[in-house]
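Here, each number is a calculation from the coordinates, and none is a lab measurement. Not measured: the values here are computed from a predicted model. Note that each Cβ is placed from the backbone with ideal geometry, even for glycine, and that neighbours are counted across all protein chains shown.
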Amino acid sequence: GAGVSQSPSNKVTEKGKDVELRCDPISGHTALYWYRQSLGQGLEFLIYFQGNSAPDKSGLPSDRFSAERTGGSVSTLTIQRTQQEDSAVYLCASSLTVLAGRNEQYFGPGTRLTVT
Amino acid sequence: DAKTTQPNSMESNEEEPVHLPCNHSTISGTDYIHWYRQLPSQGPEYVIHGLTSNVNNRMASLAIAEDRKSSTLILHRATLRDAAVYYCILRVTNSGGSNYKLTFGKGTLLTVNP
């Protein structure tokens, strides 16, 4: 079946501009996660959505970052007034549940963001 | 997530089996052992997970020691496409609700020789 999709695959933007990154999770998956990965670095958790619960935004690095998940499906990560340190690969993942033993996460291909 | 220890790198030949070890001596009774991998310039990919019994799926097998302090990911016939960094992580089930965040350590860089 279809996996997690993300768009765009690459985005080059000028410092100070806003960007929107989109994630389409696997159909039926209740949990959706955003991470980012800088070159040669590990995963950095950003935000988590689970069903109708309030999202866990604890990983968002600043108030320039926000995310929504509409209708329990598609999610958009928005970065306002981009800075060069925002350059990274932004990864979206989804999981069927968050229950132990069934919470493996399936990742999209990522959006490579470059802020010039 | 609780700590795991993996070799920094391993090498294999194409079409041979590969055994990737992971030590997790501080594992708790309800922690699941998960494996992910990341191919060059791609997002992470779920491989397999288990609790106590050995597990098989289309990608790999997971052998878990009887005391659960270690596990081994087995790729039965390595292909060039299996060259990646492999991450062994413990999914803590009693962490006050934040167990959904994935944290990768350094992992094992697997090189597959043709």
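How large is the dipole of the protein assembly as shown about the Cα centre if only Lys and Arg carry +1 and Asp and Glu carry -1, each at its Cβ, rounded to the nearest 20 debye?
300
Label-to-label distance, B:Arg77 versus B:Leu39, with points set 7 angstrom from Cα along the beta-carbon direction: 1.8 nm. When the listed pairs A:Lys17/A:Lys57; A:Lys11/B:Lys106; A:Lys11/B:Lys3; A:Lys17/B:Lys106; A:Lys11/B:Lys101 are checked against a 30 Å cut-off, the alpha-carbon distance exceeds it for A:Lys11/B:Lys3; A:Lys17/B:Lys106.
By definition, a body whose alpha carbon gyration tensor gives a ≥ b ≥ c is prolate when a/c is 1.5 or more and a/b is larger than b/c, and chain A fits this prolate description. Based on the reciprocal of the average 1/r between different C-alpha atoms, the Kirkwood radius for the protein assembly as shown equals 18.4 Å. Rounded to the nearest whole Hz, the Karplus-based 3J(HN,Hα) values (6.51 cos²θ - 1.76 cosθ + 1.60, θ = phi - 60°) of the stretch B:25-40 follow the sequence 5, 9, 4, 9, x, 10, 6, 8, 9, 10, 10, 10, 9, 9, 7, x, with x at glycine and proline. Take every Cα pair under 8 Å whose residues are at least 6 apart in sequence, average their separation, divide by the length of chain A, and the relative contact order is 37 percent.
The mean number of partner chain beta-carbon atoms within 10 angstrom of a residue's beta-carbon across peptide B:39-50 is 4.
Using every pair of distinct Cα positions in the stretch B:10-114, the Kirkwood expression returns a hydrodynamic radius of 14.2 angstrom.
As a length-normalised measure over Cα pairs under 8 Å and 6 or more apart, the relative contact order of chain B settles at 38 percent.
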